[in-house]
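Quick notes on the structure that follows.
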């Protein structure tokens, strides 16, 4: 493994910043303290700072030895927000705010990009400009979309943009990247079935929405098995059914809610259309009324081939061929997708290990339980900071050092 010696030397201080962020998590669009720390560090290192994009977003601008005169530019993105959940870890840097936790490693993502920022600012051994994007509100808030709407790519012209997420279960020291869809679209639906309430002993006097809902849930799965191509991935999950207030009353309405995940917008269009038709016609068949709502949250995260291969080449040079894995697509969603709709780029995974790192913290024991994303026992592995920082530096400098694509 070829780590940047300068970043490696600064890793302990960056780990302290990471743990401080972990102890003080902030939810989407509330990342004021986090953004203050990021902006202060960038300013301390002589980096031009811009704030307010996406409300709490921060952009650092690092010009190379030519002052950016060549016009080349590349973007590196890290997310900053935490999750609304209570942490169960007991080590010293555990969350100090009940109901808020860095359970997805965005504190670590911020630290890795800060590691790169410090090195790039001190050396500037490249021509062009590196844009450091510290994004708010990835966890359901669409912070990437908001930064774009606030002029991210207009104010900071970049040829491509790259993102990275830690991945528990992948060994520390590994990367994974692939072209094409690597994370799914995230969408929500709410269907209200309006029937006619009655006494449970006299159901013929009403229109019971509950059996309508049961028929609907079963029919939705035929969309997956009979309407879309078998080779196209798609998931419909009905996760909530709410109806009734008393055991002897047929309710007058029933509400179904859930999510839809796909890797392409074409499959998403098909599923939304067929769900709407199934819902409306099923209700009509039983004499009930239908209210159908479908909300598209995040589109699929799709890596462009050339940029994914470029990222893979950078990874190979750092950790070796065998430590760069094929990125298995996941049905989880990521709002970096909005950036990849606007610019070429690639979103990769960096291995976070098996969770044993939690037992190595000074003064802390080994906390039992899984160290998976969105889990109350999760924690970012600080050993990744020099590796992630090295990757960002090598990616940016190599990109700006190759002919414009």
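Derivation of every value follows stated rules applied to the coordinates shown; laboratory data play no part. The model shown is predicted, which means the values in this text are computed figures rather than measured ones. As a convention, Cβ positions derive from the backbone with ideal geometry for all residues, glycine included, and neighbour counts pool all protein chains shown.
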Distance between the range 259-286 and the range 375-395 - C-alpha centres, whole angstrom: 39
Euclidean distance between Cα centres, the range 125-204 to the range 310-333, Å: 20
Model label zone, residue 69; criterion: amide N under 16 Å from point 7 Å along Cα-to-beta-carbon; scope the range 111-146: 125-129
Acute angle (nearest 10 degrees) that the helix 32-44 long axis makes with the longest principal axis of the chain, alpha-carbon atoms: 20
Separation in nanometres of the label points that stand 7 Å from Cα toward Cβ, at residue 265 and residue 215: 3.5
Whole-number percent relative contact order across the range 186-298, with pairs defined as alpha carbons under 8 Å at least 6 apart: 43
Förster radius 51 Å - calculated FRET efficiency between residue 204 and residue 405, Cβ distance, rounded to 0.05: 0.15
Spatial separation of Cα centroids for the range 73-95 and the range 214-251, in angstrom: 34
Between 0 and 90°, nearest 10: helix 106-123 axis offset from the chain longest Cα axis: 30
FRET E, pair residue 172, residue 276, Förster distance 51 Å, beta-carbon r, rounded to 0.05: 0.65
CD proxy at 222 nm, helix term only [per DSSP H run n ≥ 4: -39500 (n - 2.57); per residue of the chain; nearest 500]: -11000 deg cm²/dmol
Estimated inter-spin distance, residue 154 and residue 242, nm [label 7 Å along Cα→Cβ]: 3.9
Two-site label geometry, residue 360 and residue 313: point separation in nm, points 7 Å out along Cα→Cβ: 3.2
Where the Cα pairs of the range 186-298 fall when distances are cut into 10 Å bins, in %: 14, 45, 27, 11, 3
Residues of the range 153-190 with amide N under 16 Å of a point placed 7 Å along Cα→Cβ from residue 88: none
Antiparallel DSSP beta bridges within the chain, as percent of all bridges there, nearest 5: 70
Computed over the chain: relative contact order in percent, which uses C-alpha pairs under 8 Å that are six or more apart: 24
Length-normalised contact order for the range 87-193 - Cα pairs under 8 Å, 6+ apart - percent: 19
Full-stretch length increase - residue 196, residue 342 - with 0.36 nm per residue and alpha-carbon distance subtracted: 47.8 nm
Pairwise FRET efficiency - residue 3 versus residue 122, Cβ, R0 = 22 Å, nearest 0.05: 0.85
Of 247, 174, 90, the one that fluctuates the most in a GNM where the chain has Cα springs shorter than 10 Å: 247
Helix 209-222 vs. the chain, principal-axis angle (Cα, 0 to 90°, nearest 10): 50
Convex hull per residue volume in Å³, alpha carbons only, for the chain: 149
